[in-house]
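A.B. asks: One structure follows; several queries about it will come next.
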Amino acid sequence: MIKLIAIDLDGTLLNSKGEVSNKDKQAIKKAKQKGVEIVLASGRMPETVENIAREIGADKYMICGNGAFIYDIQNQKRVHECFLEKEKVLKIIKMCEENSVYYNVCTQNYIITKSLNYNTMYYHNSNLEKPLDKRTQITLIQDIYNYIKKNNQIDVLKIEICDENKIIFDGILKKIKEITDISILEVKHKSKKELKLDMKNIPIEYYYTEILNKNTNKWTAIQYLMNIFGINKSEVMAIGDNANDIEMITNSGIGVTMGKSILEQNNIGDFVTLDNDLSGVSVAINKYLE
């Protein structure tokens, strides 16, 4: 019997307009009525995750930063955190700067970047279509290294690195892998997104990875919550669409992959549901909770 459902946001629960469909909301409501815990598990920062969590009634715990941060929504406090050490953050920033590779730094509340490009340009354009409380906050800082070095109040969830040149991207990845006690998200495909500019859809493609603290991913965060709820992995369902969802999908009792996703192509998971624009989350929940 399923007692906890962990759901990714972008590409999974959120449709291409960044909204949760009524079908998905109804399925989640039905699951909650049966005593199932619903937990959002996202790579996003806490603020935007919490707004969506409250919207759908998943208001107990949320997983942010791909597992770097678990927040108790009702009591407004952290229950688990696994931030990147400042020393390692500065080392990675220096490597990216020296090799002219694009990167951004994700904190609890906002993204730090030197310019809008690749994924941050996508976030920025998406913000234009969202209400203020659902936007991803982006802060432009020219000297990120010294900004981080001098500010002791910054907790870094992860560093995102992007580049359209595979040789350059693989080169910086090789250097970063020499750093100990970090986790590197292995994305073997190019990220493909569309920007809406002047009524036109402009495709952007780039290689992408995320650097987190050691042994940090959505599944390790789910395991922490399993202890809180007193359940085992056979009672967990995880639903996702991308590389940062692989651990939770393959380790959960039921792993659900979104249709038309990279994970579907790689045959990951126990069940492939419909895509996010066809309320695939509701299909999965109704299938296993009937």
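A.B. asks: For residue 259, are the conditions met, namely being at pLDDT 95 or above, under 28 Å from residue 158 (Cα atoms) and part of a loop (DSSP other than H, G, I, E, B)?
C.D. replies: Yes: the conditions hold for residue 259.
A.B. asks: For region 147-156, does any single residue satisfy the condition of being assigned to a strand (DSSP E or B), touching a residue at least 60 places away in the same chain (Cβ under 8 Å), closer than 23 Å to residue 184 by Cα and in the same structural domain as residue 204 (by TED's automatic domain parsing)?
C.D. replies: yes
A.B. asks: Filter region 67-119 down to the residues that are under 17 Å from residue 228 (Cβ atoms) and of a type in the set (D, E, K, R), then identify the one that is modelled with the highest pLDDT.
C.D. replies: Step by step, filter region 67-119, then rank; the result is 72.
A.B. asks: Just checking, how many residues over region 61-99 are in contact with a helix residue (DSSP H, G or I) (Cβ under 8 Å, 6 or more places away or on another chain), surrounded by fewer than 19 Cβ atoms within 10 Å (Cβ to Cβ) and not hydrophobic (A, V, I, L, M, F, W, C)?
C.D. replies: Count: 5.
A.B. asks: Identify, by number, the condition in (1) out of contact with any Lys or Arg (no Cβ under 8 Å at 6 or more places or on another chain); (2) part of a helix (DSSP H, G or I) that residue 282 doesn't meet.
C.D. replies: (1)
A.B. asks: I want to confirm something. Restricting to region 1-43 and keeping residues that are buried (at least 23 other Cβ atoms within 10 Å of the Cβ) and not aliphatic (A, V, I, L, M), which single residue is modelled with the lowest pLDDT?
C.D. replies: Ranking the candidates gives 43 first.
A.B. asks: Which helices (runs of 4 or more DSSP H) does region 163-255 wholly contain that include 1 or more residues that are assigned by TED's automatic domain parsing to the domain that holds residue 277 and of a type in the set (S, T, N, Q)?
C.D. replies: Result: 218-229, 246-251.
A.B. asks: Looking at (1) closer than 30 Å to residue 87 by Cβ; (2) touching a residue at least 40 places away in the same chain (Cβ under 8 Å), find the lone condition where residue 223 falls short.
C.D. replies: Of (1) closer than 30 Å to residue 87 by Cβ; (2) touching a residue at least 40 places away in the same chain (Cβ under 8 Å), only one is false for residue 223: (2).
A.B. asks: So, one more: Every residue in region 12-21 that is in contact (Cβ under 8 Å) with a residue 40 or more places away in the chain, more than 17 Å from residue 127 (Cβ to Cβ) and not hydroxyl-bearing (Ser, Thr, Tyr), please.
C.D. replies: Result: 13, single match.
A.B. asks: Given 154, 202, which one is among the β-branched types (Val, Ile, Thr), modelled with pLDDT under 95 and exposed (fewer than 15 other Cβ atoms within 10 Å of the Cβ)?
C.D. replies: The conditions single out 202.
A.B. asks: Residue by residue through region 226-247, note down the ones that are among the polar types (S, T, N, Q), touching a strand residue (DSSP E or B) at 6+ places or on another chain (Cβ under 8 Å) and surrounded by fewer than 17 Cβ atoms within 10 Å (Cβ to Cβ).
C.D. replies: Hits for region 226-247: nothing passes.
A.B. asks: Determine, yes or no, whether residue 166 is farther than 21 Å from residue 65 by Cα, without any contact (Cβ under 8 Å) to a residue 12 or more places away in the chain and not polar (S, T, N, Q).
C.D. replies: no
A.B. asks: Further question on the same structure: So, in region 226-244, exactly how many residues are of a type in the set (A, V, I, L, M, F, W, C) and without any contact (Cβ under 8 Å) to a residue 12 or more places away in the chain?
C.D. replies: So the answer is 0.
A.B. asks: Which condition from (1) touching a residue at least 40 places away in the same chain (Cβ under 8 Å); (2) over 16 Å from the mean Cα position of the chain (by Cα); (3) surrounded by 11 or more Cβ atoms within 10 Å (Cβ to Cβ) is the one that residue 160 breaks?
C.D. replies: For residue 160, the exception is condition (2).
A.B. asks: Checking residue 115 against (1) of a type in the set (Ser, Thr, Tyr); (2) surrounded by 14 or more Cβ atoms within 10 Å (Cβ to Cβ); (3) not in a helix (DSSP H, G or I), which test does it fail?
C.D. replies: (2)
A.B. asks: Let me ask you something else. Here are some conditions: (1) surrounded by fewer than 18 Cβ atoms within 10 Å (Cβ to Cβ); (2) more than 15 Å from residue 66 (Cβ to Cβ); (3) in contact with a strand residue (DSSP E or B) (Cβ under 9 Å, 6 or more places away or on another chain); (4) not polar (S, T, N, Q). Residue 254 meets all but one. Which one does it not meet?
C.D. replies: In the conditions (1) surrounded by fewer than 18 Cβ atoms within 10 Å (Cβ to Cβ); (2) more than 15 Å from residue 66 (Cβ to Cβ); (3) in contact with a strand residue (DSSP E or B) (Cβ under 9 Å, 6 or more places away or on another chain); (4) not polar (S, T, N, Q), residue 254 misses (1) alone.
The values are calculated or read from the model by the stated rules, or taken from the named source; none is laboratory data. These figures come from a predicted structure and were not determined experimentally. As a convention, Cβ positions derive from the backbone with ideal geometry for all residues, glycine included, and neighbour counts pool all protein chains shown.
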